[in-house]
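Working notes, structure below.
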């Protein structure tokens with residue numbers, strides 16, 4: 001039985017296999033290699049030139065763990081906050097610890113906070129600092145900038161910055177996470 005010419009666009013047998021090999025070597029394999037190279041270059045993070053990486057830190061279930069007045073009127077206080085911590089740079093669960101100096105002098109639902117934070121993970125610690133005025137109205141209670149001030153382990157020598165957010169007006173007993181979004185270099 002004869003195969004119609006349209007069914008076999010190249011010769012069969014050894015000559016056909018040589019043609020397929022030449023086609024693979026000349027066109028397909030270089031295209032795959034170039035696609036891999038170009039795709040890798042295009043998918044690299046935009047911050048690769050600066051060494052900066054995206055950073056997301058979240059304090060989950062923060063709880064006030066201490067409160068101490070720093071003056072007679074208690075308009076200035078030292079407060080600690082602890083909770084669980086997560087990060088896009090660490091695969092395991094971590095912890096969150098904040099040392100706050102809180103100035104209640106603005107009055108009402110507002111206060112001024114100087115905040116030093118440590119996020120601890122199996123692969124190291126990330127330290128941040130922020131200074132902000134918070135008002136418990138609606139929307140965001142915290143909406144400010146933060147600085148990455150250092151790190152240990154995998155984050156040794158870390159620097160960076162970003163925005164810190166937390167919701168306002170949570171119902172009594174609700175746990176409101178604090179979220180840090182920015183960049184980090186280490």
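From the Cα gyration tensor of region 49-185, with a ≥ b ≥ c the square roots of its eigenvalues, which class applies: rounded if a/c is under 1.5, or else prolate if a/b is larger than b/c, or else oblate? Note, shape of region 49-185 comes out prolate.
Sorted ascending by nearby beta carbons within 10 Å, beginning with the fewest, 141, 163 become 163, 141.
Each reported figure results from applying straightforward, stated rules to the coordinates on display, with no laboratory input. Since we're looking at a predicted model, the values are computed, not measured. With ideal geometry, Cβ positions are generated from the backbone for all residues, glycine too; neighbour counts draw on all protein chains shown.
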